[in-house]
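Down below is the structure, laid out as structure tokens.
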Amino acid sequence: FDPTKKYPVVFYVYAEPGVYENVVLLDVASMHPTSAIEMNMFGQYTQNYADLLEARLLIKYEDLEGAGKLFGGRLKPFLGTKEAAKDLSSALKTPLNSVYGLTSASFENQLRHPDNKDNIVAKRGALFMIDLKHAVQEKGYQVVHIKTDSIKIPNADEYIINFVTEFGAKYGYTFEHEDTYKRFALVNKSTYICQDQNDEWHATGAQFADPYVFKTLFTKEEINKEDFFVTKEV
């Protein structure tokens, strides 16, 4: 590593293509915003950003009372119903993600530090996921897929789930147990098809998400003419 050179940003991806059973998906809640907060990216204003993230997570976990206490109670009028709270959560997501993007933008702005040559926020997350992969493997478990902020571990038990959760907490990250797939087929670094505990199929990547392929091979739903349409954008 040469600190004088500018390295391209690489969002960490690790894959062991194959077909697996009982695959646990653990996902970091708001990885990039958390990284920015942990590194105190905005100095005296970092706490304001942290409060935005906390408000969104409290709404996500349906703690509307807790969310209503933030910012001097200014969010409370928008938390009257679950539908209104959901809208507010979506609204909060915009500045959280926009601020992260501006820290590594190619143009000058008030949120970009001139010394941030290669997106230090994304790099922190990527280096953490690399450390996590090695730590899980050293415990004797297989890691079949890592993509930016999520890890998939076949035949994961409570021990390794708790280990990953505690490992993330050391760096300020909160892991969520998103799902446990009965069957999971990974064909490359980003494309997979999986079946959840309710026997519903989920496709990631165009290869399996194509309606004709998805219905014919997996869901066995009736094919209609729209399933043959192909839409392209230029």
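The values are calculated or read from the model by the stated rules, or taken from the named source; none is laboratory data. Bear in mind the structure is a predicted one, so any value in this text is a computation, not a measurement. Here the Cβ is made from the backbone with ideal geometry for all residues, glycine too, and neighbour counts use every protein chain on show. Please note that ligands, DNA and RNA were not included when accessible areas were found on the heavy atoms of the full protein model with its side chains. Shrake-Rupley method; radii C 1.70, N 1.55, O 1.52, S 1.80 Å.
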Checklist entry - ³J(HN,Hα) across region 119-129 via Karplus (A = 6.51, B = -1.76, C = 1.60, θ = phi - 60°), whole Hz, x for Gly/Pro? => result 6, 5, 5, 5, 5, 4, x, 5, 5, 4, 5
Item to check | Size of electric dipole in the chain: Cβ of Lys, Arg +1 and of Asp, Glu -1, about Cα centre, debye, nearest 20 | outcome: 700 debye
Checklist entry - If you keep only loop residues by DSSP, which chymotrypsin sites (Phe, Trp or Tyr not before Pro) in region 76-139 have at most 10 other Cβ atoms within 10 Å of their Cβ? => result Phe107
Checklist entry - In what order, largest first, do Val144, Val19 sit by accessible area if the probe radius is 1.4 Å? => result Val19, Val144
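Test of the criteria: in region 40-115, which GluC sites (Glu not before Pro) are in a DSSP loop and have at most 12 other Cβ atoms within 10 angstrom of their Cβ? If you can, show how the numbers build up before the last one.
Working: sites: Glu54, Glu62, Glu65, Glu83, Glu108; in loops: Glu62, Glu108.
When the GluC sites (Glu not before Pro) of region 40-115 are filtered for loop state and at most 12 Cβ neighbours within 10 Å, Glu62, Glu108 remain.
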Item to check | Residue-span extension gain [Lys220 to Trp201] - 0.36 nm each, minus C-alpha spacing | outcome: 5.8 nm
Item to check | Net lengthening on full extension, Lys93/Asp210 (0.36 nm per residue, minus Cα-Cα) | outcome: 39.2 nm
Next on the checklist: Which residue, Val213, Ala203, Leu127, has the largest displacement toward the positive end of the dipole of the chain when charges sit on each Cβ (Lys, Arg +1; Asp, Glu -1)?
Outcome noted: Leu127
Next on the checklist: Using amide H atoms built in the peptide plane, which far-off residues or other-chain residues are under 5 Å from Asp179 H to H?
Outcome noted: Leu25
Checklist entry - Can you run phi through the Karplus equation (6.51, -1.76, 1.60; θ = phi - 60°) for region 137-142 and list ³J(HN,Hα) in whole Hz, with x for Gly and Pro? => result 5, 5, 7, x, 9, 8
Next on the checklist: For the chain, take the longest principal axis of its alpha carbons; what is the angle in degrees between that and the long axis of helix 46-60, to the nearest 10 within 0 to 90?
Outcome noted: 40 degrees
Next on the checklist: With +1 on the Cβ of every Lys and Arg and -1 on the Cβ of every Asp and Glu, and nothing else charged, how large is the dipole of region 74-205 about its Cα centre, in debye rounded to the nearest 20?
Outcome noted: 380 debye
Item to check | Ellipticity estimate at 222 nm from DSSP helix runs (n ≥ 4, -39,500 (n - 2.57)) divided over the chain, nearest 500 | outcome: -11500 deg cm²/dmol
Checklist entry - Using a cut-off of 14 Å between alpha-carbon atoms, which aspartates and glutamates can reach Lys232, once sequence neighbours fewer than 8 places away in the same chain are excluded? => result Asp210
